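The values are calculated or read from the model by the stated rules, or taken from the named source; none is laboratory data. A quick note: this is a predicted structure, and the numbers were derived from the prediction, not measured. Heads up, the Cβs are rebuilt from the backbone with ideal geometry, glycines too, and the neighbour counts pull from every protein chain shown.
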Amino acid sequence: MFGFGIIGCGMISSVHAGAIASIDGAELRGVTDIDIPRASEFALRYKTSVKETVEEMLCDDSIDALCICVPSGRHAALAIMCANAGKHVVIEKPMALTEKSAEKVIAACKENGVVGTVISQMRYSEDILRVKEAIDGGIFGRIISVHLEMYYYRTQDYYNGSGWRGTWAMDGGGALMNQGIHGVDALSFIMGGVETVTGTVKTLVRDIEVEDTAAAVLTFKNDAIGTINASVVTYPGYPRQIKINGERGSVILTEKNVTYCDVPEFGDIKPVQSIHSGSSDPSNTPVEGHALQLKDFINAVTTGGKTRSDVRDGCDTIKIIEGIYKSSRDGIRITL
Ligand SMILES: NC(=O)c1ccc[n+]([C@@H]2O[C@H](COP(=O)([O-])OP(=O)(O)OC[C@H]3O[C@@H](n4cnc5c(N)ncnc54)[C@H](O)[C@@H]3O)[C@@H](O)[C@H]2O)c1
């Protein structure tokens, strides 16, 4: 049995608990939160024990790995603390708020010989993998341009009610660092890395510190060019799309499904019954993606391998977003 613990019992933690419960050979062996009544209620719901502090979790030998589900600004420090205690870590996105602190997490994992994975459930979508393999296999020919569109909708109450969302100190950014990071990570994963970014971010509508709208132009390591458009104030919110145009034809991913492709060698496109989308509902995160990632993580811990979304991948994605923020601030193109 592989033992998990969860730090932070808010919205996303139930997805982690659900994912752990769905895996044969995995068990939730304790939860904690600075809000003890909330942790107790959560522990009761998922039939596990509540610990009063993170330190208590770290001393429990039945816990092999900890899922860090607290506000983003606390991820890096907690991940380092867990790694230093010899625990493997599953870190919610973003793994840190800056490249500098992400590097410290990478170093702590390496020094302590523990596996760190950064939640990026898009990397576990069958269709995203098929598109990546098709691009790598040359099925679309040379990739010309890619376009990531993320038109989310979050109300002012979503920010006001949390005490941390929309702040630089705890959210680290808005439309890109919080909601849009999934799409940015998937885009970079599919394309094999970003080379330069030029961006503009603005706070147009919401009363928050961070950006509610962003646009960027990118160049990729494979020579293609691309754009990112992201917003959290586009009512009512639309499914995320990635449009990839190759020399021999194009493919469109809507959320994690291929919804259009005009290159016959790509093979069949499965009809999509419904597009599960968190674009207008922040609580709409299906358990399946997290479950696939946790299985990959357990496999990496037990075999000494690497996960499909490791701490280096998580850091590379933060670099892209930080680069767009810097470009917007300084009015320059950033080479990553
Ligand atoms: N992968 C995804 O699709 C996805 C979706 C939603 C949120 N997230 C990420 O998950 C993280 C948490 O988001 P959320 O929406 O669940 O937030 P939330 O505010 O609903 O929950 C956070 C919980 O952490 C607790 N907490 C805060 N500081 C703590 C500490 N030092 N020790 C222990 N507990 C602490 C809070 O009391 C709260 O219960 C964020 O980083 C967010 O970006 C990821």
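Brief remarks follow.
- Scanning segment 199-232 for residues that are within 9 Å of Leu176 (Cα to Cα), surrounded by fewer than 23 Cβ atoms within 10 Å (Cβ to Cβ) and of a type in the set (D, E, K, R) yields no hits at all.
- Unmet requirement for Glu99, which otherwise passes all of (1) away from the ligand (no atom under 16 Å from the Cβ); (2) assigned by TED's automatic domain parsing to the domain that holds Gly226: (2)
- Residue satisfying condition, being of a type in the set (Val, Ile, Thr), within 23 Å of the chain's Cα centre (by Cα) and at pLDDT below 95, within set Thr227, Thr285: Thr285
- Residue selected from segment 24-33 under the condition more than 10 Å from the ligand (Cβ to nearest atom) and in contact with a strand residue (DSSP E or B) (Cβ under 8 Å, 6 or more places away or on another chain), by the criterion farthest from Cys69 (Cα to Cα): Gly25
- Candidates Val50, Val89, filtered to the one that is at pLDDT 95 or above, within 13 Å of the ligand (Cβ to nearest atom) and not assigned by TED's automatic domain parsing to the domain that holds Asp171: Val50
- Residues being crowded, with 21+ Cβ neighbours inside 10 Å and at positive phi - total across segment 10-59: 1
- Just one residue in the set Ile36, Ile12 is within 12 Å of the ligand (Cβ to nearest atom), without any contact (Cβ under 8 Å) to a residue 40 or more places away in the chain and farther than 15 Å from Phe297 by Cβ; that residue is Ile36.
- Any hit, segment 103-118, residues being part of a helix (DSSP H, G or I), within 11 Å of the ligand (Cβ to nearest atom) and at pLDDT 95 or above: no
- Every condition in (1) at positive phi; (2) part of a strand (DSSP E or B) holds for Asp223 except the one numbered (2).
- Annotation note: Cβ proximity below 8 Å between a residue of segment 301-314 that is over 13 Å from Gly116 (Cβ atoms) and a residue that is assigned to a strand (DSSP E or B) (sequence gap 6+ or interchain) occurs for Thr302/Phe2.
- Inter-residue pairs, beta-carbon under 8 Å, first not assigned by TED's automatic domain parsing to the domain that holds Asn229 and at pLDDT below 95 and in segment 162-185, second surrounded by fewer than 24 Cβ atoms within 10 Å (Cβ to Cβ) and among the hydroxyl-bearing types (Ser, Thr, Tyr), 6+ apart: none
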